[in-house]
Every structure is written in structure tokens, then in C-alpha cells.
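Some notes on the structure that comes next.
The values are calculated or read from the model by the stated rules, or taken from the named source; none is laboratory data. This one's a predicted model, so the numbers in the text were calculated from it and none came from an experiment. Heads up, the Cβs are rebuilt from the backbone with ideal geometry, glycines too, and the neighbour counts pull from every protein chain shown. These accessible areas exclude ligands, DNA and RNA; they are computed on the full protein's heavy atoms, side chains included. Shrake-Rupley method; radii C 1.70, N 1.55, O 1.52, S 1.80 Å.
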Amino acid sequence: MKRLMKIKSLLTLLFLVLPFSFMACNKDENLNASGNTENELQGKIENEFQGNVIIIGAGASGLAAAKKLEEEGISYQILEATDKLGGRIQKNENFADFPIDLGAEWIHEDKSILNYLINQPGNEPNVETILYQPMNVQQVVDDLIVQIPNQEMVDYYAGYIKEYKFKRTTWYDFINENFAQSVEQNIIYNARITTINYTGSQVVLTTENGTEYQADKVILTVSIGVLRSNVISFNPPLPEKKISALQDVEFLPGFKLFMKFSDKFYPDVISFETRSGEKTIYDAAYGKESQDHVLGLLSTGISAQEYYLLGNSDAIVDSVIQELDGYFDGLASQNYLGSYIYEDWGQHTYTQGTWTSDFEKSSKNLNDSLDDKVYFAGETYNAHGIAPFQEFYIIRGSVQSAILSGYEVVDQILE
């Protein structure tokens, strides 16, 4: 089973978006999918907080927080630095005969988590999913590619994790339908925040074009990479303990690459040994009932940095094709259709990385608010601040952890 741990990276793919690991809550006794107890739902009009809230970032956590504020009747706005919502949850519908997840792709849990996130009963979500258990898996070690026996794969899925993917839709569709559509009227696009001043009774936010916004509370959902880059200045400055907590969390550069071929000459998964991060090539059309043959590459950490040295996406694609030719006797070059998508999250101005991990090294200071005025959601909200959960095991960096963090932070504000 030691070899199987090398393919763990595939089963914990992406992004996305996002925070940490924690155990999910009994809906009847603790949190429901909106982050409320039943008593709180019945008495939400009794919330003491009556001010306005600004959410920075229209990714999964920001949209979830907005939906909860909308339901509670709290005034809010969302300031989004780009011209689109979703953050690291994006899709492409033109490349293949199925939609491509450019960011977050896997449902890192049983499919019933989808109902839990939107407070719907039952275990069967109202969207088609695929049980993701590829059996044809190969591993590259020291430039040699070997087949992992089927029984080891069976044992792996039985003993480690149960995963799903969307069959005909994407995470973007789920987020858009269940969150964005009810709050998008309150999103201001192309509003890149450069200064957060929380010295006064209200927080003053300034954008790069000089526009100012004021709020009683702010929910900050930007990535660890953006916070580390200091593109947002704080007044007063971030406390040293917060800066140290941000530095402790692993947040690696990386990208996703999708290539189209005329024939399927490859296995379901090719896993690579790497000194840091991960490198996995996978059949993106697995279980999709697709006529197209699309290979995906997820590269983070050292492998991504090595690819970056090649200079541009065309050179990266050429290098990957050459690698595949070496493993499959030139079949990659023979079948490559010359079409690819390259989504570089690591060098994107508004993400500057892929997703978080290593939360064992983080402290509760990561999600401490600033003077009870500026709150942190998404990947800056770690396991120390979340309620104990019993129904689900929430994977670090997953979309569901981002959504639940948005709910949880709103609960803090309303308390």
C-alpha cells in the first residue's frame, strides 16, 4: 500500500479555493448547511447585529457568506477584484463535449455533502455525479512507469476515501445555481481592494482607483497568496502573530493543463513522485460518457516551478507530450490534436497559488478577527475556529470547506 499513498494527490485534487480540514456537524443537533442551529433559524430576527457587511471576494466562501447574510436580512455588498465570480472555481464549455473544471474539480466527500451544503434533505443530490474510483492507474518512479495492481486499488478505495465528480456539470454550476444567483445583484466587479483601514468605528476600504467603501464588518476571503504578497495594506498593520500564521501554511504555485487527443492511449491516472507538491496526469473524461479524449495535468510545487522555467504554455505542452511519448512509445505525438487549455493559478494576480495544506502547522491566529471588525473566511479560516462535525470528513482546500467557513464567519458576526 505504500505505492498507493503516492496517488493520494489525485484524490485530494484542488483548489480551489481554499481552507482546511475539519469534521462536519450533525444537522439536527448543531449546524445545518446554512451554519445555523434550529433555534437560531426560528429566531434569526432577534440577531443583535444590525449593521452592514462588506465581503471581499466572490469565491465559494464569499458567496456562501453572502447567501447567509441575505437570508438573515443583513445589508451587504461583495467587492470582487476580477470581472467574474467563482474565484478558483471556473469552467470551460467549448474545449470538449463535456464542461472542463479549470479550478476545483473533485467532490472530496460522499455526494450527499452537496445537499448538506444547501440545507436540502436526503442523500441523493439534484445533479448527476460520478463515483470516482479509477482502477487503471500507473505510477512513475525514477522515470519508470509501472502498473498498480487492481487489488491494491480496490483496497485503497475501501480503506481510504470515497470520491465523486460532477457528470455533466461542474463545481461552477453548483456554486452559481445555489449561491451566486441569489446574491449577484450585490456584487461589484473590478473592485480591487488595496487598503483596509480599521482604526475607526467603521472599516474603510479603498480600491486601486481610489473608490472608498465603509462597513461595520468586513469578511475577507482572498487567498493566502494574495495576503502574503502585501498587495493589500492594513491600518493598523496585521499583527505579527497573524503574519506568522500566514507564513506557516503551505500554499504552492501550480497550474492545470488539458490536452485533446484522437485516441485514448493512456490509463485513467498517472501519478508521479515529487519532492514537494504533486504532479498527476488523469483522464479528464473519466465517467463523462464523452466522445472526446482529454488528458488533464495538475502540477504544483517543484514540478510546476520546473515547468515555469520553460517560458510559456506552448513549451510546457511540448514538454508534457515528450514525457508521454517516452512512456507510451510515441503515441502522444501521434494522437495529439494540437488543442489545449492552460490555467495558471500560481501566477494569477488574484490567487498567486493553488490551495492550502499543512494546517497541522497553523495556529488559531490564522482565523482571528482584527478587532472584531475584519473577519477571515475561506482558506484563511482554519480548523481551530470551526464547530466539531460528525457526518462528514471535510478535506483541506475543498470547496465544501470554503462554503462552511463562510457560514461560520457570518455566525460569528451575528453573535
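Some values worked out for this structure:
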quantity: Protection-proxy order for peptides 49-61, 196-208, 292-304, 365-377, each taking the mean of Cβ atoms within 10 Å per residue, highest first; calculated: 49-61, 292-304, 365-377, 196-208
quantity: From phi via Karplus (6.51, -1.76, 1.60), per-residue ³J(HN,Hα) for segment 72-87 in Hz, x at Gly/Pro; calculated: 8, x, 8, 5, 8, 9, 10, 9, 10, 5, 9, 9, 8, 8, x, x
quantity: More than 17 angstrom apart: percent of Cα pairs within segment 84-138; calculated: 56
quantity: List Met135, Met153, ordered by accessible area with a 1.4 Å probe, largest first; calculated: Met135, Met153
quantity: Rg(Cα)/(2.2 N^0.38 Å) for segment 230-314, N = residue count; calculated: 1.55
quantity: Pairs beyond 28 Å (Cα-Cα), from Lys68/Lys373; Lys111/Lys241; Lys111/Lys364; Lys111/Lys242; calculated: Lys111/Lys241; Lys111/Lys364; Lys111/Lys242
quantity: Karplus 3J(HN,Hα) series, Hz, for segment 107-116 with 6.51 cos²θ - 1.76 cosθ + 1.60 (x for Gly, Pro); calculated: 8, 7, 4, 5, 4, 5, 4, 5, 5, 4
quantity: Neighbour-limited loop hits for chymotrypsin sites (Phe, Trp or Tyr not before Pro), segment 151-183 (at most 16 other Cβ within 10 Å; DSSP other than H, G, I, E, B); calculated: Tyr160
quantity: Amide proton proximity set for Ile161, modelled H, under 5 Å, gap of 5+; calculated: none
quantity: With every protein chain in place, segment 256-365: carbon and sulfur % of accessible area (1.4 Å); calculated: 42
quantity: Stokes-Einstein D in µm²/s, Kirkwood radius over Cα pairs - segment 275-331 at 10 °C with 1.306 mPa s viscosity; calculated: 126
quantity: Selection of trypsin sites (Lys or Arg not before Pro), segment 256-298, meeting DSSP coil and at most 11 other Cβ within 10 Å; calculated: Arg275
quantity: Built amide H within the under 5 Å cut-off of Ala81, gap 5+; calculated: Gly57, Ala58, Ala191
quantity: Phi-based couplings in Hz for segment 268-277 (Karplus 6.51, -1.76, 1.60; Gly and Pro marked x); calculated: 5, 8, 10, 9, 10, 6, 8, 6, 8, x
quantity: Euclidean distance of C-alpha centroids, segment 50-86 and segment 218-249, integer Å; calculated: 19
quantity: Expected-Rg normalisation [2.2 N^0.38 Å, Cα atoms] applied to segment 55-99; calculated: 1.44
